[in-house]
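Structure first, commentary second.
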Amino acid sequence: MDIPYTVAPRPDTGLYNAKVGIWLFLASEVMLFGALFSSYILLRVGTPEGYWPHGWLNVPVGTANTLVLITSSITTVMAWASCKMNQFGRFKFFHACTILLALTFVCIKSYEYHDKFTHYEIVLKDGRIADGHIVENNPKADHVVIAGHYVTDKKELYDLSGLSAFHKHAELSIPREQIADMERYGPWHNTYLAIYFTLTGLHALHVIGGAIVISFLWFTGRKMWESDPERFTNRVEVSGLFWHFVDLVWIFLFPVLYLI
């Protein structure tokens, strides 16, 4: 038995089934991310003045990732348009570009995560705080080496907007017996990093999920082009709608987390 309305539009909606389904799914996604963005706003507004981090993220790297994702949306549209014009070779090229750009986005985001997980805040017994990226942390050694700086007040760490993203710190060798506490900049470190990892992590999972679907259409799924090209084109369109949503979410995430 054939599944109805995989190509022809439904009489009640004017859309084929898959397109109705993706719009309903995206509506639920809007509510999900809307709740998280609302949480971000409430957490930021409720934070005492001077204790919400500024300048903790690398803006040039975030900008590069934004351009990568925007370009991938363009290549997705071009892939769908190529199917509509019966140019399967061009479809393969543009969809391959989308896959490569998606992997590039994930790699850049992984680099940013690595930067955070190698960043430590070390509280010393004399009250000072050493902050910076780990250089050497051998448990058997009697010193921890970081590229960073000392501060006497933790509040000094919250506004780094005056520093360049490529600012170089001095190398500090800290005796272990002087360390009272040592914690990396993971999602447990403070509220800002908790919401940062939640928002960007969930978004990255959507990028990976979308890339898997697009890769399926490029590899195994493209066999449908030979038997039912119109239905295959519809599949490409539906995957593209999801990809545009992923792109749109990042367009909101970038200024909220990196610029404001």
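Residues that are in contact with a Lys or Arg (Cβ under 9 Å, 6 or more places away or on another chain) and closer than 30 Å to Trp225 by Cα within the range 87-125 comprise Phe88, Phe91, Lys92, His95, listed in sequence order.
Yes/no matrix, rows are residues, columns are (1) among the β-branched types (Val, Ile, Thr); (2) surrounded by 15 or more Cβ atoms within 10 Å (Cβ to Cβ); (3) over 24 Å from Thr198 (Cβ atoms); (4) modelled with pLDDT under 95:
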{"residue": "Leu100", "(1), (2), (3), (4)": "no, no, yes, no"}
{"residue": "Thr104", "(1), (2), (3), (4)": "yes, yes, no, no"}
{"residue": "Ile108", "(1), (2), (3), (4)": "yes, yes, no, no"}
{"residue": "Ile122", "(1), (2), (3), (4)": "yes, yes, yes, yes"}
{"residue": "Lys125", "(1), (2), (3), (4)": "no, no, yes, yes"}
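Taken together, Ser161, Ser72, Ser173 contain a single residue that is surrounded by 15 or more Cβ atoms within 10 Å (Cβ to Cβ) and either touching a helix residue (DSSP H, G or I) at 6+ places or on another chain (Cβ under 8 Å) or polar (S, T, N, Q) (or both), which is Ser72. The C-beta contact set for the range 190-212 (first residue free of Cβ contacts under 8 Å to residues at least 24 places away in the same chain and in the same structural domain as Lys109 (by TED's automatic domain parsing), second residue polar (S, T, N, Q) and in a helix (DSSP H, G or I), distance under 9 angstrom, 6+ apart or interchain) is empty. Condition (residue is in a helix (DSSP H, G or I), without any contact (Cβ under 8 Å) to a residue 40 or more places away in the chain, out of contact with any Gly (no Cβ under 7 Å at 6 or more places or on another chain) and within 30 Å of Tyr158 (Cα to Cα)) applied to the range 66-84: is it met by at least one residue? Yes, the conditions are met somewhere in the range 66-84. For the range 33-65, a residue qualifies if it is loosely packed, with under 13 Cβ neighbours inside 10 Å and assigned to a helix (DSSP H, G or I), and the qualifying residues are Gly34, Ala35, Ser38, Ile41, Leu42, Val45, Pro60. Tell me, please, whether a residue that is assigned to a helix (DSSP H, G or I) and closer than 18 Å to His169 by Cα can be found in the range 120-137. No, the range 120-137 has no match at all. None of His189, His244 is in a loop (DSSP other than H, G, I, E, B), at pLDDT 90 or above and on the phi < 0 side of the Ramachandran plot except His189. With respect to the conditions (1) surrounded by 14 or more Cβ atoms within 10 Å (Cβ to Cβ); (2) over 16 Å from His203 (Cβ atoms), Asn86 falls short on a single one, namely (1).
The values are calculated or read from the model by the stated rules, or taken from the named source; none is laboratory data. Bear in mind the structure is a predicted one, so any value in this text is a computation, not a measurement. Note that we place each Cβ from the backbone using ideal geometry, even for glycine, and neighbour counts take in every protein chain shown.
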